[in-house]
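What follows is one structure encoded as structure tokens, with my remarks underneath.
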Amino acid sequence: MANVKLSTKAVGSIVKIKVNGAAKDFIIVHQGLPSSAYDASCNGVWVVMKDIYTTMKWDGSNNDYLNSDMTAYLNGTFISLIDADIRNAIKQVKIPYTNYSNNNVMSGSNGLSCKVFLLSGTEIGFSGVSYMNTEGAKLSYFDSASKRVAYNGSSAAGWWLRSPYTVSSYGVWRVKSDGSRDGWGYSDTDGVRPAFVLPSTLVVSDDGTVSTNTAPAINASSTNLGKQ
């Protein structure tokens, strides 16, 4: 099979990455650095799981994303399930997030250092929404509500964002099954779609599988094998 660089794949393309031994579909949602609100570490290929991986509460005590159960799960239990070669290649990034203590957005080099994260309301195309901070910039893929729809099994279902409902310490923004938005309590259960940034130099095979390997080079010694 021919390998191409991940950087050459169009936004919206589906690629496959093994999670807990099974190939899962991920959508390429952005190529490159989304905006100056992001640290340079975020310059790469942004992917999000196509469908909902699991359902869980966002946190057990408040809507502080930095210290949430969700952040701990994504960067502990979940990341450990990713195929080792890809897991080791996932970029350590600094993403814009809301500071729980004052509701200010921390961005650039002050962003949250992590490898796996939830997308923000801003990144999936919500703007000018009361009680939703601007956390970063819209990712290229999310140009309509239909692009936000995700499935849990055979049915469209809701999924968590990393954006807090800033009017209180209780609410968290989520995407509804039709791609619209609403706020839920942090202790409610909803879908999880992990996202992360990969180096653009990784490769994709014909069947969409992402790997760290390149095609073997052909050299004079290999072409002359058997010619004695």
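The values are calculated or read from the model by the stated rules, or taken from the named source; none is laboratory data. Because the structure is predicted, anything quoted here is derived from the model rather than measured. Ideal geometry is used to build each Cβ from the backbone, glycine not excepted, and the neighbour counts take in all protein chains shown. Accessible surface areas use protein heavy atoms only, side chains included; no ligands, DNA or RNA. Shrake-Rupley method; radii C 1.70, N 1.55, O 1.52, S 1.80 Å.
Table: residues versus (1) open to solvent by 50 Å² or more (accessible area, probe 1.4 Å); (2) over 26 Å from A156 (Cα atoms).
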position	(1), (2)
K9	yes, yes
A37	no, yes
I52	no, no
M56	no, no
Y73	no, no
F78	no, no
- Out of the residues in region 20-64 that are outside any strand (DSSP E or B), more than 18 Å from L139 (Cβ to Cβ) and among the hydroxyl-bearing types (S, T, Y), which is nearest to the chain's Cα centre (by Cα)? Y53
- Kindly list, by first and then second residue, each pair from a residue in region 45-59 that is closer than 20 Å to V210 by Cα to a residue that is among the acidic types (D, E), limited to pairs with Cβ atoms under 6 Å and residues at least 6 apart or on different chains. K50/D25
- Residues of region 181-195 satisfying the condition of being touching a helix residue (DSSP H, G or I) at 6+ places or on another chain (Cβ under 8 Å) and not β-branched (V, I, T): P194
- Message: Condition first: at negative phi, polar (S, T, N, Q) and free of Cβ contacts under 8 Å to residues at least 12 places away in the same chain. Can you find one or more residues in region 9-31 that meet it?
- Response: no
- Message: For the structure I just gave you, tell me whether K176 is open to solvent by 20 Å² or more (accessible area, probe 1.4 Å), within 14 Å of the chain's Cα centre (by Cα) and either aromatic (F, W, Y) or modelled with pLDDT of 95 or more (or both).
- Response: no
- Task: Could you identify the single residue in D83, D25 that is open to solvent by 20 Å² or more (accessible area, probe 1.4 Å) and touching an Asp or Glu at 6+ places or on another chain (Cβ under 9 Å)?
- Result: D25
- When N67 is evaluated against the numbered criteria (1) more than 19 Å from V93 (Cβ to Cβ); (2) surrounded by fewer than 15 Cβ atoms within 10 Å (Cβ to Cβ); (3) in contact (Cβ under 8 Å) with a residue 24 or more places away in the chain, which criterion, by number, is the only one it fails? (1)
